[in-house]
Structures are given as C-alpha cells and as structure tokens.
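What follows is a short report on a single structure.
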Amino acid sequence: MPDQHIDLNDIQGNIVKAYGRFGYPKARYIFFQFHDVEAGRNFIRDLLPLITTGRPWCKDQPPSATTNIAFTYQGLKHLGLPTKTLHSFPEEFSMGMKARADILGDDGESSPTEWDPIWHHDKYIHMFMSINAKSLEALEERYKKIQDLLKKSSGLVTQLRGHRDGQRDDLPYQEASAIFVDGKPTPTEHFGYQDGISDPYFKGSGGNPLNVVGGGKPTRGDPATLQGWEPLETGEFILGYPDETKELPIAPVPTLLSFNGTFMVYRKLHEKVKTFHDYINNVGKDFPGGPEAVAAKMAGRWRNGAPLVLFPTREEANAFAQEYEKARELAATSAKGKKRYEELRLKRTGFNFGNDLAGSRCPMGAHIRRANPRGCLEFGIKDAFATPGALDNRRRILRRGLPYGEVTNPLSDDGEHGVIFMAIGTSIERQFEFVQQQWINYGNDFKLSNQKDPLLGNHDGKDMFMIEGGSPDNPPFFCPEIPRFVTTRGGEYFFVPGLTAIRMIADNLIDPT
Amino acid sequence: MANLISEPTPLTVLSPIKNGDDGSQTFASLTRKYLQSLDIHEKSPMAKVPNTFLCRFFVLNDVFFEGSPGKVDHLKSKYLVFCCNFHGDLNTYLREFWQNAQQEAQKIWRHCVAFEQVHDAESFIDYIKKCELNTTIYFNGSTGLPLDEQLKALYLKQEFSQFACEKQGLSAEALFEAFQEFVERTRPADLTGPTWKPGQNTL
Amino acid sequence: MSNIAGKSYAMTVITPIPKIWAWVNLLKFWYSKNIRKKKSFGLQTLSLIHYARWVIIRPSQFPRLSSNQPKEDLHYAYMLFFSNFNGSWSQYVDSFHMAIPKGLDRIWKHNFKYPKSVPLQPFHRYILHNQIWTDHYYNAYPLASSNDVKAAIALRAALLEFIKQSENMSPEEFQKAYKAFLFYNQQHIAKMHSAPVINLADQAKVERVRLIESYEKTLRDEHGKPNF
C-alpha cells in the first residue's frame, strides 16, 4: 500500500506510473505558448479536471486516456509567477536544455540547430502536455476535448507546430506509440531491445513491491532477493519529501508551489536503425556469438531483456525469454501462473555486478552498467563506502516515454523513428545531466577513460568499445570506430507541479513572501 | 620528507605579502593580477619546472567569519599560497624551479616580505623553507613516480589502446610484425620520447 | 583564474578550529597512519582524487619573515584543505559526502561550526562559505584523470615486461602471449580525450583567458611593458 505520508491525489500520475507499460500504448505530446497571463491561467484552470493524478487505479476504473502537464521556466514567467519565485528555480531549469548542450553532449548532428523546427525559437515553449491512451480513439477523444478548451482562449494560448514526421515538419504534436506486433503492443524500441525494465522504485510510489528488486537502492544483501534492495527515498523523485542525503531536496519557493512537484526532461531521440544494424552485423562477423551477441554486450542485456550477468549465452537467454513470455500470459489467469511470473521477473532485475567485477559477462562500459551501476562503483571492495550505492543512489531517474515513428525502410537511417525519452527527478542537474555527461558520454567513473556508452554516446566514429575477455585465451574484443547510433532531435526541461500548485498558479495565489 | 619511490612530496607554502601599495594597487592585488595573467597548461611556467604534478597559487586575503557565536579573526598580512605535489626531494625540486623558471618565480614572489634576500637558487630554497608548512594528513590517490615516467605511461596507454583495437584479428605473422613496429615507434622504455609534454592539453 | 585545469579541479578550503583542538595534530597523524588500514576512509575506492592534504596551522605558525611583519593574533587555529580531484565541484562534494561521511566527519569534526557531511546542503554551504578560488592552477596532465594515470603506470610496466618476455618468441607463440597480455591488462586499456565541460563556467574561463590577453596587450600598449 502506498505510504500514508504521500498524497498521491496531489501528485501528477506520470510521476508514479509509466503509462506505456500500464496499458496506455498510445501517446501524444503537445506544446503550448501563452500570449496573455489571464488566458494562460484560465486554460490551465480548465485543464485541471482532466489531469491524471497518482491515485492508485485499483480503487476505481482506470481512465481510457490520461493527461499531464508541465511548464518551462518561460512558461511560469508568462503565467505571472513572481520574480522571487522564478529566481528560486535551479539554474539548469531556467537556462533550458538548449543552453545546456555542451554539458549534454548535444553536438554535431545532435546540435540544437538540427532539432525539429518547434525547438528552434528561444523562449518559445511554455507548456508541455502528454496524453496517453488505451486506444487511438480514446486519444483522439481526449485531444478533441483539449482543442475545445484551447478555443476558449481566442488565440491567446496557442498550440505550437513544428514536429517532424518524415513528410512534414510543421505537425502540431508529437505522436508516439508502443511498437505493435500482431496487433499487440510490445515493450521494445526500434533497435529491438526491450526497454524500461528496471525503473527506480521509491517509497510511497504505490508500485508493485517486487519492483524494489533492481529498482531500489542496493543493500549488502543478495541482489536476487528482496533483502538485496530498499526503496529509494521519495525526495529523489518528488519535492517536499526527504531524499537520499536525509534532507528535503532544494526546491523553489513558496513550498506550496514545489510540494508534490518535480522536474522532467523531455528528449526526442532519433535512432539510426540502418547504422545500428550495419554495425552489429559487421562487427558481429568477427565477434564470437555474432551480431546478436554484440548487441547484447553493448546493452548489458540481450535484446529480449535477459541480463548478461545471469544469462551469459544466447541459448540461455532465449530459453528464459520464452519461459518468461509464457508465464506473463498465464499470470493473468491463475495464481500459480502469477507466482511463476513474479519469480521470473526477478531474474530480469535481481542482479548486480558483484560476481562480474572484471566485466567478462557484462562489459564495464555496457549501457545498463553505466545507467544503473547497482552499487558496483565500490569495485568489489567490501564496505569501501558507507552504503554500496553511495555514488549511484542520487543519480537515478524515472524513465517515461514511448517510441515514435515507424521503421519503414530498415536499409536507411532516414525517416522519423526513435524514442521520446522522459526523465523525472527532483534535480535535473544532479540526476539526468550527471548521468548523461559523466556516465553516457564519459567513462572515468568506470575506469574507462573517455570511453562512452556504446549505444547512447555522442560518438564521432573514432571511439572504441571494449568487450572484456574472460580468460587468457579469450582476450578482450574491441568494437572499433563506433558511429553515433542515437541523435537528439529536440528537448526541454520542465517543472511538473502538483495539483494544488497548478490550481494556485491558475488562481494567481503564488506568493513567495 | 621525500620518498623517492612512489610517494609524491607535498609542499605547502605561505609567503606573507608586504602590506602597502605601489601608489595605486596593493601588493596583494598586484600579486594576484600577475598570477591570474599566467598562461595555462603547457604554457604555464610550472610546465617548465621538472616533476611538478599538480600545483596551485592563490592569494589568501583573510580567513572567514563563521558567524555568531564565533569570533571575528583577521589576518594581519595577506599570504601568497603555493600548494604543490611533486616528485623528489624538496631541495632538488626548488633548485630546478629556480633554474627553469627564475623570472616567473621572481615575479610571483616579488611583493612578498623579505623576498629581496632571494638572489639565487640556494637563497630561494632557504626562503621557501621558511614559508613551508607541515602537512598534517596527506592522501595520495595517484602515484609519486617521476613525471617523465607518468607522461610516458600516459602516452603509451593512449597509443597502445589504439594499437590493440586497430590490430585486432591480424594473423600471427602480421601481428608480430605490427607489434615490432609499434615498439620501434613508441619506444616504451625511452623516457625522452616520444611522450606527452608536461601540461599537454591536446592530443 | 580558474579552479579547473583539464580533468582536475582544485579545491581549497580554510576553516577555523578551536586552538585546543589544533593540538590533535598528533592524533591526526595517528589517524593518517591508520588510513591505509581503514582504506583511507574510502578515499582510495572513491578514485577521483589525485592528491589531497590537510594542513593545520596555529596562529604562531604563520610564517613571519621580518620583524616589520606584524605578528598574527587569531582566536582560532585554521585547517587548510587542498584537493585535486576529477569532476565538478558539486559532483565531487556529492560523491564525497555520500561515500565516506564518517571519514569526513572524523577529519573535520572539531572545526568550528562544521555541520557534518550528511545532510548535504549544510555541508555544501559550509564548504562554499570557506572556499578559496585558485589564481593559477597547473596540471601536468590535463587529459588524464587519476584513474588514467594509475592505469597508464600499470600498463607501461606490464608492456615493458611483455616486450622482454616475448623477445625470442615465434609469431605463433607471440600471438598466444599477446592475447594473454591483453586479457591481463584489459582494465588499463582505453583512450583518453579532453575532459567533459564540467560546468559552463569552463567556457567562461576560455573567454576570460582571451580577455586577459587583450587586457595585457592594452597595458603593454600604454606603458610599453606589462604593468605588474
């Protein structure tokens, strides 16, 4: 049960629920601009009843569509927030994502100049809205409702155009959807990896307690069991609650504005499908295990989701994945099936790198080892730190979002397909930016010099990725000249207020004195 | 005390700066201005001083007031602080400092109390020792090996990492030959070169 | 002027410590001798520090080089902390305080108004309040982190040994030995490059160097030589 101290009714639902995996595979992301303070306030006041909260859905019928909103610094300014309040926001938020390009490594083809047209103007985007839905019909219905509210502003609130889809570059929204196979949504992205397996699990989130395994913070217990993990502190993800350093996170004033709110990073990431497949096929000619093994070593998981640490061979991984899928289907129909499914779920998340310190199973530089080090930054030195996760507990991010576009021609990098990546946490600088800069685009914390994340790094075609060997006869393998597989096509930083705060913004009640 | 094998030597120097001014700016401000104008990386004068690993200069204006109930303290002089980590013994280090960067040393310390007594390496050594503070706790997270060994090692790491990647999958013959070429080109045992320059900031 | 030189950051902090506690100098020495046994309070594993030192200075220990120089008269002794680490200020302080809070507290605990290393914000404020900015910072290897240096030293030693051992091998023997060499040294193999832009002031620094150059030029133009 959710922690009594946390008012999930006041927290926006996207913070605690990854809608995509809760049966909402369709999404639309919309951006707005306020041309008049009153009109802006009126619009968000009208939106309030539509906003989905974090209230657990077991209590009532889940909605067919969800709606959540968030604001840029410019947006809050255009809603008339007092200067003192505006100045109390963190620097990276008020600067916005484009101004942080050097920190994020958004260079070359990821430079803001290459982004979708909607991002080209400065101080342009004021509000973000996401609609997630069970079906396209439900999505359209909710979208139409929003359009009706928008009309009331008589043009003083505008919906911004400028998203690309391959044919046009002036679309009024960003469409996203899970990838469907045989009419069913799948958890994979366009490179074919299962995505979003270990999302952080924190106190009061109301999620399945089993998600603490791999999603919480490491204890010194067995990582395969519940004893190996504890929920992260709420304050890492929601403002107004204690965080991992045993204090309330830094937050804008007044407290009522920040309470139950958080920050969100939105990024449109294009995936170069042809480059990716060409690369793994090419390198896979020389690597034992072939292209599929190269893909697994880059990610730290087989593309079917099985972690390399527990499933070092493709055969084991495939056998596990089949069993897992079967159990997942049976889980809905029998208690026994559910139990088996839960056991198997732990095999995807219940591990760390304690038995693989040299990286012979999961390379030191693999994506999952970087993005969630699972306490391995102690490098096996027992009790080196006060807690094994000392260097990673404050770097976790809630990942939200869905793939966008379709791969119509796998033989080309062109076209519009990738992922809409969203990261939620109480400090963009300490969490998302740190991970992006130090762990994705650099390697010193892993003793890998400047080696970058093979999948997400901003490679320039000169980097290499080392796959550690396991014995003197099985030396390390070097993946040479890695091209950039993923490029940034847009993005911004947002503040996600709680429901009370939204109402107070709408009613012009924000007073920091 | 210096350890010639693997411990670096820490040196902490507080040199009092003369109170007063040159008619417009205080000697402390002039000292700071000169320090801030120094070129950086391989063009820093400290790049010329053998065996300097990491070092910093700053002017200590005063100590800080922590607020009530603390008491307010003020320094009666401003201090030029030089904090350095190097290889070898202090006398040798300072002698080579003077020999290789005498002009800059004279400019850096020129406004310090009693520095007019310094006119050669030996008097420089004496002077610095008078300003030296003992290190209470020292933490070495790296190595104290001579700088040329460290720089050669860094050069080799870079070159060998490239080699290992490029020459992957060669036949025994070709690999054998490539490695001989690598050794000839990079001369791993030769500390004089090829190697990285002290302070080198570009590849 | 910058606290940053390539991959390194120079942190200097000066904090008051009641005089009586300055005598724990000796005790501190005792601690430091035990540092190795206690894994250097976790510092070694933290692995982002090149060198760090603590210097305790009592009022009478401030160097006095002439009778004209006024004698220092202070209520407190002072502890100077110097660190050369890899990463940005906030990254370092964040890592430091979470990983080895007890070690930090043991070193600083007698300092006046030291707030303890957890929670973070009071510790942050304490460090920032007492921090001194570097006027000139020099790093002999701006392209290398402490990890890079250590890996390089190990790799070179192994390479020299390998060259000696493989001298008379046939190509086939060499290939086998080379593979083993790669395996045993894989943790030392990776290429270095420039440091990431750890904060946007780093760019300001580049800009500032340019400004100072033109400023110096102006000075020279006016007076014929630098006015230092």
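The values are calculated or read from the model by the stated rules, or taken from the named source; none is laboratory data. In this text, all values refer to a predicted model and were calculated from it rather than measured experimentally. Positions of Cβ are generated from backbone atoms using ideal geometry, with glycine treated the same way; all protein chains shown enter the neighbour counts. When the accessible area is computed, the model is the full protein with side chains, heavy atoms only, and any ligands, DNA or RNA have been set aside. Shrake-Rupley method; radii C 1.70, N 1.55, O 1.52, S 1.80 Å.
How many residues are within 11 Å of chain A (Cβ to nearest Cβ), in a helix (DSSP H, G or I) and buried (at least 19 other Cβ atoms within 10 Å of the Cβ) when one looks only at the range C:108-123?
Selection size over the range C:108-123: 2.
May I ask you to list the residues in the range A:169-193 that are in a loop (DSSP other than H, G, I, E, B) and among the hydroxyl-bearing types (Ser, Thr, Tyr)?
The answer is A:TYR173, A:TYR193.
Quick grid of which residues meet (1) in contact with a strand residue (DSSP E or B) (Cβ under 9 Å, 6 or more places away or on another chain); (2) under 30 Å from C:THR45 (Cα atoms):
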residue: A:ASN409; (1), (2): no, no
residue: A:GLY415; (1), (2): yes, no
residue: A:ILE424; (1), (2): yes, yes
residue: A:SER427; (1), (2): yes, yes
residue: A:LYS447; (1), (2): no, yes
residue: A:PRO454; (1), (2): yes, yes
residue: A:ASP460; (1), (2): no, no
residue: A:ASN474; (1), (2): no, yes
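Suppose we filter A:LEU310, A:LEU357, A:LEU344, A:LEU330 for residues that are open to solvent by less than 20 Å² (accessible area, probe 1.4 Å) and more than 29 Å from A:GLY491 (Cβ to Cβ); which single one remains?
A:LEU344
Return yes or no: is A:TYR29 modelled with pLDDT of 95 or more, of a type in the set (Phe, Trp, Tyr) and open to solvent by 10 Å² or more (accessible area, probe 1.4 Å)?
no
Have a look at B:PHE64, B:PHE58 and point out the one that is under 27 Å from B:TYR138 (Cα atoms), facing chain C (nearest Cβ under 7 Å), surrounded by fewer than 22 Cβ atoms within 10 Å (Cβ to Cβ) and aromatic (Phe, Trp, Tyr).
None of the others qualify; the one that does is B:PHE64.
Name the residue that is farthest from A:TYR201 (Cα to Cα), counting only residues in the range A:250-274 that are assigned to a loop (DSSP other than H, G, I, E, B) and open to solvent by less than 10 Å² (accessible area, probe 1.4 Å).
A:PRO252
List pairs: first residue in the range A:409-437 and over 18 Å from A:GLY196 (Cα atoms) and touching a residue at least 60 places away in the same chain (Cβ under 8 Å), second residue small (Gly, Ala, Ser) and assigned to a strand (DSSP E or B) anywhere in the structure, Cβ distance under 9 angstrom, at least six positions apart or on different chains.
A:GLY415/A:GLY405; A:GLU416/A:GLY405
In the range C:72-107, what count of residues is obtained for those that are assigned to a helix (DSSP H, G or I) and facing another protein chain (nearest Cβ under 8 Å)?
10
Going by what's in this entry, would A:VAL294 be described as assigned to a strand (DSSP E or B), among the β-branched types (Val, Ile, Thr) and open to solvent by less than 10 Å² (accessible area, probe 1.4 Å)?
It is false that A:VAL294 is assigned to a strand (DSSP E or B), among the β-branched types (Val, Ile, Thr) and open to solvent by less than 10 Å² (accessible area, probe 1.4 Å).
Just wondering, is there one or more residues in the range A:498-508 that are at positive phi and surrounded by fewer than 18 Cβ atoms within 10 Å (Cβ to Cβ)?
Checked the range A:498-508: at least one residue is at positive phi and surrounded by fewer than 18 Cβ atoms within 10 Å (Cβ to Cβ).
Yes or no: B:GLY193 facing another protein chain (nearest Cβ under 7 Å), surrounded by fewer than 15 Cβ atoms within 10 Å (Cβ to Cβ) and out of contact with any helix residue (DSSP H, G or I) (no Cβ under 6 Å at 6 or more places or on another chain)?
Against the criterion (facing another protein chain (nearest Cβ under 7 Å), surrounded by fewer than 15 Cβ atoms within 10 Å (Cβ to Cβ) and out of contact with any helix residue (DSSP H, G or I) (no Cβ under 6 Å at 6 or more places or on another chain)), B:GLY193 does not qualify.
When the range B:5-28 is examined, which residues are found to be touching a residue at least 12 places away in the same chain (Cβ under 8 Å) and outside any strand (DSSP E or B)?
Answer for the range B:5-28, where residues must be touching a residue at least 12 places away in the same chain (Cβ under 8 Å) and outside any strand (DSSP E or B): B:ILE5, B:SER6, B:GLU7, B:PRO8, B:LYS18, B:ASN19, B:PHE27, B:ALA28.
Here's the yes/no breakdown for (1) closer than 22 Å to B:LYS33 by Cα; (2) of a type in the set (A, V, I, L, M); (3) not in a loop (DSSP other than H, G, I, E, B):
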{"position": "B:VAL72", "(1), (2), (3)": "no, yes, no"}
{"position": "B:LEU75", "(1), (2), (3)": "yes, yes, no"}
{"position": "B:CYS83", "(1), (2), (3)": "yes, no, yes"}
{"position": "B:TYR93", "(1), (2), (3)": "no, no, yes"}
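Any idea which of A:ALA390, A:ALA423 is within 24 Å of the chain's Cα centre (by Cα), over 14 Å from A:LEU104 (Cα atoms) and buried (at least 21 other Cβ atoms within 10 Å of the Cβ)?
A:ALA390
Which condition number in (1) facing chain C (nearest Cβ under 7 Å); (2) more than 25 Å from B:ILE137 (Cα to Cα) is the one that B:ILE17 fails?
(1)
Only one of these is at pLDDT below 95, in a loop (DSSP other than H, G, I, E, B) and surrounded by 22 or more Cβ atoms within 10 Å (Cβ to Cβ): A:GLY166, A:GLY196, A:GLY204. Name it.
A:GLY204
Name every residue in the range A:63-91 that is in a helix (DSSP H, G or I) and open to solvent by less than 40 Å² (accessible area, probe 1.4 Å), in order of residue number.
A:TYR73, A:GLN74, A:GLY75, A:LEU76, A:THR85, A:LEU86
Give the number of residues within the range B:29-55 that are facing chain C (nearest Cβ under 8 Å), under 23 Å from B:SER142 (Cβ atoms) and part of a loop (DSSP other than H, G, I, E, B).
Number of matching residues: 2.
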